[in-house]
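Below is one structure, written out as structure tokens; comments come after it.
Each value in this text was obtained by applying a stated rule to the coordinates, not by laboratory testing. Not measured: the values here are computed from a predicted model. Methodologically, a virtual Cβ is constructed for each residue, glycine included, from the backbone with ideal geometry; neighbour enumeration extends over all protein chains shown.
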Amino acid sequence: MIRATSHLLDSAEDARREIFETMKKGTKKDFKEMIEKILRVTEGDAAVKRVNECKEYILSNWSAVKVRLAGREGILGCSAEGHVSHVLSSRMSSRPMGWSKIGVEKMARLRAYYWNGGKMLELVREQRKELPKAAGAEENDIISSAEMLQAEKNRHHELGKYFESINHRISEGAKKYVWFYTHIWGL
């Protein structure tokens, strides 16, 4: 309302009071007529645009406006902005990061869960119950890399030329480290 009436200078306060009363006791039609009165005395494209934006915003939220103004004494307000700032922004925007839509949704839900008293350890335990086991994890056998490479060599004809891309190298520093520790292991 302030943006829609600020250009009216001395009569701005009167216009705001009239708009407020129209929203509280009037209909959408009455509100539109009130905005038309304001538009008749509005000069400049920017001011006209602001008035029309106000009109569209209030009309698109008309039901909420009527509910809010009808029981104004009983409604104390909302702390949503404070919660967003405290709970979400502290993690999601205070440290510059990029977020995917899925990532932002999951992080927001996780933060809300935590701040609503949810136990993170219990959440992790529940999620682990629901996760499917990885292929081959049904057995507790540990397969060495040598066994894995041998199995791939045995399947060489199935894999074709892409098998040849499986190779490994160890840096000289790592080789020295391994040699040193294998020789002093029992000392």
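Contact order, relative form, for the range 2-70: 40 percent (alpha carbon pairs under 8 Å, 6 or more residues apart, mean separation divided by residue count). Across all directions, the shadow cast by the convex hull of the range 2-70 built on its C-alpha atoms averages 4.1 square nanometres.
Arranged from fewest to most other beta-carbon atoms within 10 Å of their beta carbon, V41, V104 become V41, V104.
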